[in-house]
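Participant: One structure, pasted below without further comment.
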Amino acid sequence: MPAHNEEDQIAETIGSLRAQDRQPDEIIVVADNCTDATVDIATSLGVRVIETEGNRHRKAGALNQVLDRLLPGTGERDVVLVMDADSALDPGFIRHGLDKLANGRLAAVGGTFSGKPGGGLVGMFQRNEYARYARDVRRLRGRALVLTGTATMFRASTLQKVVAARRDGTLPGGDHVYDVRVLTEDNELTLAILHLGMRILCPPGCTLKTEVMPTWRELFRQRLRWKRGALENLADYGWTPVTRAYWGRQLLSFVGVIVLLLYLTSLAWSVMVVGAVTIAPIWIAITAIFIVERIVTVRSRGPAQMAIAATLVIEMVFDVFLQAAQAKAFWDAFSRTERKW
């Protein structure tokens, strides 16, 4: 569990591990350049705390320092759970994950997450977004594209194979589990595992709650990092049978940015130049279908959120915000703007 100044949440995270149906054999908090009480709190709760030494590579570097020590001593039946310090696993997470890994056909299993309380309006939008993501994963029977850093269980042998492939040049990224060059190390590790011909899954029983970004500024920075990182991960791997679907999603995202820009431009033109907005019947029908989709996909969040989704306009603010982050990610990636965490 990599942790940088997580004194407010580390106890809850450790508590969620203690409350597992099948508790972990060992809990390790990787304290990375902490200046608060994270180390003291984790130590008082009886877990093993390892403080990083000279780490300049944030989460990826912190994890590499510990995994470099642990992996040589692991065997074929060992499993490593990597999770964020701001996440809290639901009680059956580890048990369900081990059940799926037991047959030997999967290299890793990831979790699907819901958002913790807080954050006001921007927090609400994220919780609705996460609910839709979880629904999509369930409908795909766990065939998610990314093993997220919120919580993922890896076979130790999977991570060993990744390291070996990096060292012999089969995979990019140096000679550790995580590639420290990238902005989205979890997405890159997913691509690495898939390029080695191994399978992944996000089973329905592996669920958790994770922190939402409390402000629009922090959320924009997070999404910009995610989206630009994903683009650069794909550039590293190029066009392969594995990345084709990922490139397709990026193309759809790019088209979405263009369509939104054209829509807003035409709307502004109608208002400022023509002086009126005329909506054709076909667009009314399409809008109605879109509203139904928004309501149905957020049903797990309850009647109040379904009513908000029905207005369409409220959630459109969030959609435009995400498209703006996507557009900037495309621009920054193509113009090679300096990467920022």
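The values are calculated or read from the model by the stated rules, or taken from the named source; none is laboratory data. Everything numeric here is computed off the predicted structure, so don't read it as measured data. Neighbour counts are summed over all protein chains in view; Cβ atoms, including those assigned to glycine, are modelled from backbone coordinates with ideal geometry. These area figures cover heavy atoms from the full protein model, side chains too; ligands, DNA and RNA do not enter into them. Shrake-Rupley method; radii C 1.70, N 1.55, O 1.52, S 1.80 Å.
Participant: Among what's in region 309-319 and is open to solvent by less than 80 Å² (accessible area, probe 1.4 Å) and not in a loop (DSSP other than H, G, I, E, B), pick the residue that is modelled with the lowest pLDDT.
Facilitator: Met316
Participant: Only one of Gly75, Gly54 is at positive phi and not in a helix (DSSP H, G or I); which?
Facilitator: Unique residue meeting the criteria: Gly54.
Participant: If Gly120 satisfies all but one of (1) farther than 30 Å from Gln305 by Cβ; (2) surrounded by fewer than 21 Cβ atoms within 10 Å (Cβ to Cβ), what's the number of the condition it fails?
Facilitator: In the conditions (1) farther than 30 Å from Gln305 by Cβ; (2) surrounded by fewer than 21 Cβ atoms within 10 Å (Cβ to Cβ), Gly120 misses (1) alone.
Participant: Moving to a separate point now. Is region 130-137 home to any residue that is part of a helix (DSSP H, G or I), within 14 Å of the chain's Cα centre (by Cα), aromatic (Phe, Trp, Tyr) and closer than 26 Å to Met306 by Cα?
Facilitator: There is at least one residue in region 130-137 that is part of a helix (DSSP H, G or I), within 14 Å of the chain's Cα centre (by Cα), aromatic (Phe, Trp, Tyr) and closer than 26 Å to Met306 by Cα.
Participant: Continuing with this model, one more query. Can you tell me which residue in region 27-59 is surrounded by the most Cβ atoms within 10 Å (Cβ to Cβ), limited to those that are hydroxyl-bearing (Ser, Thr, Tyr) and free of Cβ contacts under 8 Å to residues at least 24 places away in the same chain?
Facilitator: That would be Thr52.
Participant: Only one of (1) open to solvent by 10 Å² or more (accessible area, probe 1.4 Å); (2) within 17 Å of Glu211 (Cα to Cα) is not met by Gly73, so which one is it?
Facilitator: (2)
Participant: Something else now. Against the condition farther than 26 Å from Glu7 by Cβ and of a type in the set (Gly, Ala, Ser), how does Ala151 come out, does it pass?
Facilitator: When the stated conditions are applied, Ala151 does not pass them.
Participant: Somewhere in region 260-271, is a residue touching a helix residue (DSSP H, G or I) at 6+ places or on another chain (Cβ under 7 Å) and open to solvent by 50 Å² or more (accessible area, probe 1.4 Å)?
Facilitator: Taking every residue of region 260-271 in turn, none turns out to be touching a helix residue (DSSP H, G or I) at 6+ places or on another chain (Cβ under 7 Å) and open to solvent by 50 Å² or more (accessible area, probe 1.4 Å).
Participant: Mind listing just one residue for me: the one in region 95-111 that is out of contact with any strand residue (DSSP E or B) (no Cβ under 7 Å at 6 or more places or on another chain) and assigned to a helix (DSSP H, G or I) and, of those, nearest to Phe125 (Cα to Cα)?
Facilitator: His96
Every residue, every condition in (1) in contact with an Asp or Glu (Cβ under 9 Å, 6 or more places away or on another chain); (2) over 23 Å from Lys161 (Cα atoms); (3) among the aromatic types (Phe, Trp, Tyr), yes or no:
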{"position": "Ile193", "(1), (2), (3)": "no, no, no"}
{"position": "Arg199", "(1), (2), (3)": "no, no, no"}
{"position": "Cys206", "(1), (2), (3)": "yes, yes, no"}
{"position": "Pro214", "(1), (2), (3)": "no, yes, no"}
{"position": "Asn233", "(1), (2), (3)": "yes, no, no"}
{"position": "Pro241", "(1), (2), (3)": "no, no, no"}
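To keep it simple, each residue is scored yes or no on (1) touching a residue at least 12 places away in the same chain (Cβ under 8 Å); (2) buried (at least 18 other Cβ atoms within 10 Å of the Cβ); (3) in a helix (DSSP H, G or I); (4) more than 20 Å from the chain's Cα centre (by Cα).
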{"position": "Ile282", "(1), (2), (3), (4)": "no, no, yes, yes"}
{"position": "Ile286", "(1), (2), (3), (4)": "no, no, yes, yes"}
{"position": "Ile291", "(1), (2), (3), (4)": "yes, no, yes, yes"}
{"position": "Val296", "(1), (2), (3), (4)": "no, no, yes, yes"}
{"position": "Ala307", "(1), (2), (3), (4)": "no, no, yes, yes"}
{"position": "Phe321", "(1), (2), (3), (4)": "yes, no, yes, no"}
{"position": "Lys328", "(1), (2), (3), (4)": "yes, no, yes, no"}
{"position": "Trp331", "(1), (2), (3), (4)": "no, no, yes, yes"}
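Participant: Please state which of the following conditions Ser157 fails to meet, knowing it meets all the rest: (1) buried (at least 21 other Cβ atoms within 10 Å of the Cβ); (2) under 16 Å from Leu81 (Cβ atoms).
Facilitator: (1)
Participant: Still on this structure: List the pairs whose first member sits in region 70-89 and is closer than 25 Å to Arg105 by Cβ, whose second member is in a helix (DSSP H, G or I) and acidic (Asp, Glu), and whose Cβ atoms are under 9 Å apart, counting only residues at least 6 apart or on separate chains?
Facilitator: Val82/Asp186
Participant: May I pose another question? Go through the residues of region 145-157 one by one and say whether even a single one is part of a helix (DSSP H, G or I) and closer than 29 Å to Asp319 by Cβ.
Facilitator: no
Participant: Same structure, new question: When you check Ser114 against the structure, is it assigned to a helix (DSSP H, G or I) and either within 21 Å of the chain's Cα centre (by Cα) or surrounded by fewer than 19 Cβ atoms within 10 Å (Cβ to Cβ) (or both), yes or no?
Facilitator: no
Participant: I want to confirm something. Restricting to region 140-150 and keeping residues that are touching a helix residue (DSSP H, G or I) at 6+ places or on another chain (Cβ under 7 Å) and over 11 Å from Pro203 (Cα atoms), which single residue is surrounded by the fewest Cβ atoms within 10 Å (Cβ to Cβ)?
Facilitator: Leu145
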